[in-house]
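A quick write-up on the structure given underneath.
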Amino acid sequence: KRLILIGPPGSGKGTQSPIIKEDYCLCHLATGDMLRAAVAAKTPLGVKAKEAMEKGELVSDDLVVGIIDEAMKKPSCQKGFILDGFPRTVVQAEKLDQMLQNQGAKVDKVLNFAIDDSILEERITGRWIHPSSGRTYHTKFAPPKVPGVDDVSGEPLIQRKDDTKEVLKSRLDAFHRQTEPVVDYYSKKGVVANLPAEKPPKEVSAEVQKVLSS
Ligand code: AP5
Ligand code: ZN
């Protein structure tokens with residue numbers, strides 16, 4: 001299957017991705033994770049992306065289309081993929097369509113994480129992540145066994161630099177202005193499924209299962 005996850009910051013894309021990946025053996029491409037790794041490694045891409053990310057604005061279409069184009073060539077992504085955080089503009093969606101057309105493929109489903117903005121601040125400010133595995137915790141909704149420590153590796157957890165109340169405002173603004181039109185773009189193609197993303201993670205997973213098995 002070729003899946004796209006769309007939703008505002010904190011809507012649960014990164015939480016559901018590993019579960020969908022396990023169930024369907026797909027490759028998981030998260031542009032945010034790839035960009036954060038590039039920033040940490042100070043690669044030329046990372047240097048270009050850093051400022052926009054810290055402000056909660058979108059990185060340029062050319063940069064992200066470039067990384068997705070490169071990543072999708074991996075053999076593990078040929079049979080199917082989960083795109084988490086891409087496409088985020090209509091231009092990116094059009095570029096993706098072109099890439100897939102060249103392979104005789106198309107997007108099967110767009111999972112739209114529908115949620116009210118008011119819930120997102122608590123989710124974002126309580127999030128802790130284990131950078132090397134991408135495992136995500138929440139102080140209230142998904143606490144680690146030991147505060148600040150990854151359950152599996154015992155390594156320290158960190159908070160994302162853009163997970164502040166202030167930066168969240170610009171991320172949400174970018175979502176409404178630039179990414180919501182992408183949902184309309186795919187609605188016209190009849191591939192959007194809306195998820196009740198405000199429900200607990202297990203219920204969201206059950207809904208994903210339902211959508212993907214239909
Ligand atoms: P990105 O990394 O994609 O961030 P985002 O879209 O803001 O999304 P998040 O990762 O914050 O949210 P999520 O939905 O994954 O939430 P999670 O599951 O972790 O992008 C970061 C930046 O990179 C962008 O601002 C931009 O600058 C740049 N960028 C990336 N892609 C780009 C692109 N295509 N074009 C241009 N620029 C791009 O959950 C959040 C918290 O809530 C966790 O603590 C979790 O435990 C908890 N939680 C999850 N689900 C539930 C639930 N159902 N109930 C209760 N708690 C829950
Ligand atoms: Zn995420």
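The values are calculated or read from the model by the stated rules, or taken from the named source; none is laboratory data. Values in this document were obtained by computation on a predicted structure and should not be read as measured data. All Cβ positions, even for glycine, are placed from backbone atoms using ideal geometry, and neighbour counts span all protein chains on display. These accessible areas exclude ligands, DNA and RNA; they are computed on the full protein's heavy atoms, side chains included. Shrake-Rupley method; radii C 1.70, N 1.55, O 1.52, S 1.80 Å.
So which of LYS50, LYS73, LYS106, LYS42 is open to solvent by 40 Å² or more (accessible area, probe 1.4 Å), within 11 Å of ligand 1 (Cβ to nearest atom) and over 28 Å from GLU198 (Cβ atoms)? Even if it seems obvious, please write down each step before you answer.
On the way: LYS73 fails: within 11 Å of ligand 1 (Cβ to nearest atom); LYS106 fails: within 11 Å of ligand 1 (Cβ to nearest atom); LYS42 fails: within 11 Å of ligand 1 (Cβ to nearest atom).
Of LYS50, LYS73, LYS106, LYS42, the one residue that is open to solvent by 40 Å² or more (accessible area, probe 1.4 Å), within 11 Å of ligand 1 (Cβ to nearest atom) and over 28 Å from GLU198 (Cβ atoms) is LYS50.
Taking the stretch 188-198 on its own, how many of its residues are in contact with a Leu (Cβ under 7 Å, 6 or more places away or on another chain) and either free of Cβ contacts under 8 Å to residues at least 40 places away in the same chain or in a loop (DSSP other than H, G, I, E, B) (or both)? Break it down into steps so the answer makes sense when it comes.
Step one: list which residues in the stretch 188-198 are in contact with a Leu (Cβ under 7 Å, 6 or more places away or on another chain), which gives 193, 195.
From the residues that got through so far, the ones that are either free of Cβ contacts under 8 Å to residues at least 40 places away in the same chain or in a loop (DSSP other than H, G, I, E, B) (or both) too are none.
So the answer is 0.
I'm trying to understand the selection: among the residues of the stretch 76-103, which are of a type in the set (S, T, N, Q) and open to solvent by 30 Å² or more (accessible area, probe 1.4 Å)?
Within the stretch 76-103, SER76, GLN78, GLN98, GLN101, ASN102, GLN103 meet the criteria.
Could you tell me whether the stretch 91-98 includes any residue that is more than 15 Å from the chain's Cα centre (by Cα) and at pLDDT below 95? So that I can check it myself, show each step before the final result.
Quick first cut of the stretch 91-98, residues more than 15 Å from the chain's Cα centre (by Cα) only: 91, 94-98.
Subset that is at pLDDT below 95: none.
Checked against the condition, which is being more than 15 Å from the chain's Cα centre (by Cα) and at pLDDT below 95, the stretch 91-98 yields no hits at all.
Within the stretch 115-133, how many residues turn out to be crowded, with 16+ Cβ neighbours inside 10 Å and closer than 24 Å to LEU195 by Cα?
Final tally of qualifying residues: 9.
If you take the residues in the stretch 143-163 that are within 16 Å of ligand 2 (Cβ to nearest atom) and surrounded by fewer than 16 Cβ atoms within 10 Å (Cβ to Cβ), which one is farthest from the chain's Cα centre (by Cα)?
The extreme case among them is ILE158.
Restricting attention to the stretch 1-39, report how many residues are open to solvent by less than 50 Å² (accessible area, probe 1.4 Å), hydroxyl-bearing (Ser, Thr, Tyr) and modelled with pLDDT under 95.
Residues flagged as open to solvent by less than 50 Å² (accessible area, probe 1.4 Å), hydroxyl-bearing (Ser, Thr, Tyr) and modelled with pLDDT under 95 within the stretch 1-39 amount to 1.
Quick check on the stretch 110-124: of everything there that is of a type in the set (Val, Ile, Thr) and within 9 Å of ligand 1 (Cβ to nearest atom), which residue is nearest to GLU166 (Cα to Cα)?
Applying the filter and picking the extreme gives ILE124.
Which numbered condition in (1) of a type in the set (A, V, I, L, M); (2) more than 20 Å from PRO87 (Cβ to Cβ); (3) within 12 Å of ligand 1 (Cβ to nearest atom) is the only one that ALA174 fails?
Here ALA174 clears every test but (2).
Tell me which residues, restricted to the stretch 58-70, are charged (D, E, K, R) and either surrounded by 15 or more Cβ atoms within 10 Å (Cβ to Cβ) or under 27 Å from VAL208 (Cβ atoms) (or both).
ASP61, ASP69
Can you pull out every residue in the stretch 183-204 that is within 18 Å of GLY14 (Cβ to Cβ), away from ligand 2 (no atom under 16 Å from the Cβ) and open to solvent by less than 80 Å² (accessible area, probe 1.4 Å)?
Restricting attention to the stretch 183-204, the residues satisfying the condition of being within 18 Å of GLY14 (Cβ to Cβ) are 195-204.
Checking the rest, the ones that are also away from ligand 2 (no atom under 16 Å from the Cβ) come to 196, 198-200, 202-203.
Scanning the stretch 183-204 gives PRO196, PRO200.
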